[in-house]
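The values are calculated or read from the model by the stated rules, or taken from the named source; none is laboratory data. Bear in mind the structure is a predicted one, so any value in this text is a computation, not a measurement. All Cβ positions, even for glycine, are placed from backbone atoms using ideal geometry, and neighbour counts span all protein chains on display. Heads up: the accessible areas ignore ligands, DNA and RNA and are worked out on the full protein's heavy atoms, side chains in. Shrake-Rupley method; radii C 1.70, N 1.55, O 1.52, S 1.80 Å.
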Amino acid sequence: MTNLRDRFKALDQLPTPDLWYEIEERAMAAQPTTRRSGAWVLIAITLLLALAIGGAAVIGSGIVKLPPTVDATASPPSPTPPSPTPPSPSPSASASASVAASATPAPSGAASWIATGTMSLARSGHTATLLSDGKVLVAAGGGSGVSGLLDTAELYDPASGSWTATGAMNGKRILHTATLLPGGKVLVTGGADGISETSVHALASAELYDPETGTWSATGSMMEARARHSATLLADGRVLVTGGSGSGSGTDSLASAELYDPATGSWSATSAMLEARSEQTATLLPDGRVLVAGGNSSSGPQLASAELYDPGTGSWTATGAMVTGVAGHLATGLPDGRVLVLGGSTSSGPGGLAEVYDPSTGSWTAAADLNGEHAGATATLLQDGSVLLAGGSGSSGGGSSGGGSEERFDPATGAWVATPGMLEGRADHTATLLDDGRVLVTGGVSAGGMLASAELFEPGSGN
């Protein structure tokens, strides 16, 4: 395999070396490597997800996670998610998975990946939100080349498999959060409009996207600038924003939390978390409480602690700690009310672990280990109740030709089942469950650089 650093030598001579440095390092991180120390892995995931900044002052995101994600990478769960069909028994987690993905749909019943329309711009650190009409809004993030950070947005139409431009955001923004509000608008909060290797310029601003007009408008700014934070839609329609990192070195985590009221477009403070954390996950539970787990503290190793927010009282209470401290991980609410946490970075490197939280007991139990390491991956709850884990460095994100090690978690058996690999290996992308049950994956980074491509996962039946 050609050494990627050699491929960047010419680019290093350009007047924007920081930009190419970020791209180079991100690409290198996407290649399969031996396990790095926890500190360097976390730095790589965080800075590389932000990517091409060329000349911008400071960073971003806490979703970068680096996501996430969002959840870093994904929109917060709706107050009342549709009840999926109970999962079918799955093959053993040790089942081999070397099914080649193809642009041609697989025979009926077989899971597969197929290519779909390409975005107008390569991007990473962006958000993807399923709108009420079934289209997907992809907004801003980091672009390739000298464009650096983006302020653009575009829409994907599942019916035609094509992309169309929509209104630009009010400013450049990367590694922010995006939340679909009950009225159909999308709330975007925080993130960063500049990053460097050592600093972050976090944003307090927020804006709303109106699908009816295809335009963005400013709304009330948060009380505190933050990136690498979480945003969760509560059952009453308000949005809870927690933690993250503020402007500065990018290593200081926040304990503060605040609430957005769509009716007034304003923010109000709520009780601070018990621990400061960034790159944490926040998951809405069936009883309306929010589970916040893991993340980075301002100093020391990744956190194993977890806490619960009660919207009724505006207070936080401690709950059981995870088995392993982790940050930049993924969290998915399961149909039975439990929460699956997986991936991310631990003190020993990229996480290949998974744990399940049970709200009825307030405790965590270790789940079957992943079949590979998935830093910068996505986790999507499918309509059959299983969870699709796609991409990430150290797995399918390790190459640009696809054929990776995507896998699915079966809550009924607690096992991971190998599934066909994506057409193109990628990390720090987005994954969105469409109304028809397919999953749209967009952008991200591969060993060859940033991606504009998109592809669809078709679950098939009996898989």
Practice task
Search the range 346-387 for residues being under 14 Å from the mean Cα position of the chain (by Cα) and of a type in the set (S, T, Y), and hand back the single one that is nearest to S461 (Cα to Cα).
Solution key: T380
Exercise for the section: Output the residues belonging to the range 241-277 that are assigned to a loop (DSSP other than H, G, I, E, B), polar (S, T, N, Q) and surrounded by 15 or more Cβ atoms within 10 Å (Cβ to Cβ). Expected result: S247, T251, S256
Practice task
Would you be able to say whether some residue in the range 107-117 is of a type in the set (A, V, I, L, M, F, W, C), at pLDDT 95 or above, surrounded by fewer than 18 Cβ atoms within 10 Å (Cβ to Cβ) and farther than 20 Å from G449 by Cβ?
Solution key: yes
Exercise for the section: State the number of residues belonging to the range 430-457 that are outside any strand (DSSP E or B) and open to solvent by 10 Å² or more (accessible area, probe 1.4 Å). Expected result: 8
Problem - Counted residues, the range 393-414 - those being modelled with pLDDT of 90 or more and under 19 Å from Q383 (Cβ atoms) - result: 7
Exercise for the section: Look through G184, G190 and report the one residue that is in contact with a Pro (Cβ under 8 Å, 6 or more places away or on another chain) and more than 25 Å from S453 (Cα to Cα). Expected result: G184
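Let's see how each residue does on (1) surrounded by fewer than 24 Cβ atoms within 10 Å (Cβ to Cβ); (2) touching a strand residue (DSSP E or B) at 6+ places or on another chain (Cβ under 7 Å); (3) in a loop (DSSP other than H, G, I, E, B):
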| residue | (1), (2), (3) |
| --- | --- |
| G141 | no, yes, no |
| D151 | yes, yes, no |
| L155 | yes, yes, no |
| N170 | yes, yes, yes |
| A178 | no, yes, no |
| T198 | yes, no, yes |
| A218 | yes, yes, no |
| M222 | yes, yes, yes |
Exercise for the section: Among the residues of the range 321-343, count how many are under 29 Å from G237 (Cβ atoms) and either open to solvent by 20 Å² or more (accessible area, probe 1.4 Å) or among the β-branched types (V, I, T) (or both). Expected result: 7
Problem - Check on D436, within 13 Å of the chain's Cα centre (by Cα) and either within 30 Å of V356 (Cβ to Cβ) or not basic (K, R) (or both) - result: no
Exercise for the section: Output the strands (runs of 3 or more DSSP E) that fall wholly within the range 291-376 and possess 1 or more residues being under 22 Å from L388 (Cα atoms) and hydrophobic (A, V, I, L, M, F, W, C), or say none. Expected result: 330-333, 339-342, 354-358, 363-366
Fill in the blank from the handout: Per the list (1) under 21 Å from D428 (Cβ atoms); (2) surrounded by fewer than 21 Cβ atoms within 10 Å (Cβ to Cβ); (3) among the hydroxyl-bearing types (S, T, Y), residue check on T346 breaks on (2)
